[in-house]
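Here is the structure we will look at.
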Amino acid sequence: MTEKPPIRHGELTKRAIKRSATTIRAAFQKRYFKLFEDELVYCSSDGKTRKGSVLVATMRGCEKVDEDAFEKSGMFQVMFQEKGKVRILYLKAKNENCRRQWMESIRKQIDLIVGHNQFEYYHRGIYHRNRLWTCCKQPDKYSDGCCAASVTSESRERRISRDVTTLTRDLASLPRRSSSTSNSSGTRNNSDTSGETLYRFKKGESPPEHPFSEDEISDED
């Protein structure tokens, strides 16, 4: 079977995913990357030998990395889940335009396949050798991020549509009350949808006292 052409391909510098935090600078190698609809593949620098891949379905976001984290420009990260843990693939593009193009392409595929299951927060820094995140100084390696994640316009529209659908469903499930009607005898009946009478009073009479005290119906601070 002929392999589909990649959505984007080219050389990026990759940091080893499972490299120890104490060997930050020695972990970078040039790799040839190919982004397909469902997978990000990296190969040897000549593009001939496949070295590994990350499934788009496991990705949870693609964001920039602070330049001072690795003392390198053009850095960005692909966050994904593996065996119940969050992993981060750190990548370096040759310039800002290259980084922007790769991030846009990866984000689009994440949005199409992963949808609203993306992370809402991330760390702009790295978990350093001193066992702290360089961006927020949190000691927990798997702590929630300190920065709001970016969302593509497609993802934003899907989230809004999902929220509207959820709200509409919740409103539809609320119990409804029938409108008040008056019968021929002048007696006013107010009933809920189950048919249970809430109160009755004759024409010209005042409605009964409110069943709650002022303390019970006052606004809370």
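In this structure, does residue 17 turn out to be open to solvent by less than 20 Å² (accessible area, probe 1.4 Å), closer than 23 Å to residue 149 by Cα and not in a strand (DSSP E or B)?
So residue 17 fails the test.
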Any hit, region 73-92, residues being among the basic types (Lys, Arg) and either buried (at least 19 other Cβ atoms within 10 Å of the Cβ) or in contact with a Gly (Cβ under 6 Å, 6 or more places away or on another chain) (or both): yes
Selected residue [within 20 Å of residue 143 (Cβ to Cβ), modelled with pLDDT of 90 or more and touching a strand residue (DSSP E or B) at 6+ places or on another chain (Cβ under 9 Å)] from 94, 64, 30, 51: 64
Residue, nearest to residue 84 (Cα to Cα), within region 113-145, restricted to residues that are free of Cβ contacts under 8 Å to residues at least 60 places away in the same chain and among the aliphatic types (A, V, I, L, M): 114
Single unsatisfied condition, residue 51 versus (1) open to solvent by 60 Å² or more (accessible area, probe 1.4 Å); (2) within 22 Å of residue 147 (Cα to Cα); (3) part of a strand (DSSP E or B): (2)
Close pairs (8 angstrom Cβ cut-off, 6 or more residues apart or separate chains): within 15 Å of residue 101 (Cα to Cα) in region 28-44, of a type in the set (Asp, Glu) anywhere: 33/11
Pair list, Cβ under 6 Å, 6 or more apart: region 73-86 residue in a loop (DSSP other than H, G, I, E, B), other residue buried (at least 19 other Cβ atoms within 10 Å of the Cβ) and of a type outside the set (Gly, Ala, Ser): 74/92; 74/99
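Please specify each residue of region 87-117 satisfying the condition of being part of a helix (DSSP H, G or I) and among the charged types (D, E, K, R).
Quick first cut of region 87-117, residues part of a helix (DSSP H, G or I) only: 96-113, 115-117.
96, 99, 100, 104, 107, 108, 111, listed by residue number.
The values are calculated or read from the model by the stated rules, or taken from the named source; none is laboratory data. If you're wondering where the values come from, they're calculated on a predicted model, not measured in any experiment. Neighbour counts run over all protein chains shown; Cβ positions are idealised from the backbone, glycine included. Heads up: the accessible areas ignore ligands, DNA and RNA and are worked out on the full protein's heavy atoms, side chains in. Shrake-Rupley method; radii C 1.70, N 1.55, O 1.52, S 1.80 Å.
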